[in-house]
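Colleague: Okay, handing you the structure first.
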Amino acid sequence: MATPQTQRSVSEVLQDIVGNLQQIIRDEFRLARVEIKEKVERAKQPAAILASGAVIGLYSIGFLLLALVYALSIVMRPWLAALLVGGGLAIAAAILVASGRNALKQVDPVPKKTVQTVKENVQWAKEQIK
């Protein structure tokens, strides 16, 4: 025979389930926020490398083209000197940009822990309702 302390009404059980689900959802958002923050931290360095490569490439094109074109124009036509220098700098900038892009591709933006715990929580909620 059940005592009044151990027997609970359906509405009390449902209130407990709703309360638990609310807490789980809050916890999932906290976990997602922490996980995404970790992913952003890991992406900072590759993004900085990519940006540095682009900026260096732009400044290099401006200053080195000018200096090298003047130097090469002594022994060849100025347009040919500009073409050679510009092509070499474009190759260097492309290498830096590709390196940064490849490093960014290795960062997985999906919060895997959060996805897994959400699946577990959905399963738990289904079992509680049964």
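Bear in mind that the values in this text are calculations on the coordinates, not laboratory data. These numbers were taken from a predicted model, which means no experiment stands behind them. Cβ coordinates were reconstructed from backbone atoms using ideal geometry, including for glycine residues, and neighbour counts include every protein chain displayed.
Colleague: Taking only pairs six or more apart or across chains, which ones have beta-carbon atoms under 6 Å, a first residue in region 39-64 that is hydroxyl-bearing (Ser, Thr, Tyr), and a second residue that is in a helix (DSSP H, G or I) and surrounded by 15 or more Cβ atoms within 10 Å (Cβ to Cβ)?
Modeller: Qualifying pairs under 6 Å: Ser60/Leu89.
Colleague: If you don't mind, there's one more thing I want to ask. If I filter region 60-89 down to residues being surrounded by 13 or more Cβ atoms within 10 Å (Cβ to Cβ), in a helix (DSSP H, G or I) and of a type in the set (Gly, Ala, Ser), which single residue comes out as nearest to the chain's Cα centre (by Cα)?
Modeller: Filtering region 60-89 for residues that are surrounded by 13 or more Cβ atoms within 10 Å (Cβ to Cβ), in a helix (DSSP H, G or I) and of a type in the set (Gly, Ala, Ser), the one nearest to the chain's Cα centre (by Cα) comes out as Ser60.
Colleague: Quickly run through region 28-66 and pick out the residues that are out of contact with any Ser or Thr (no Cβ under 8 Å at 6 or more places or on another chain) and charged (D, E, K, R).
Modeller: Of everything in region 28-66, those that are out of contact with any Ser or Thr (no Cβ under 8 Å at 6 or more places or on another chain) and charged (D, E, K, R) turn out to be Arg30, Arg33, Lys37, Glu38, Lys39, Glu41, Arg42, Lys44.
Colleague: Out of everything in region 90-130 that is in a loop (DSSP other than H, G, I, E, B) and charged (D, E, K, R), what residue ends up being farthest from the chain's Cα centre (by Cα)?
Modeller: Going residue by residue through region 90-130, those that are in a loop (DSSP other than H, G, I, E, B) are 106-111, 130.
If we keep only those that are charged (D, E, K, R) too, we end up with 108, 130.
Values: Asp108: 6, Lys130: 39 Å.
Checked region 90-130; the qualifying residue farthest from the chain's Cα centre (by Cα) is Lys130.
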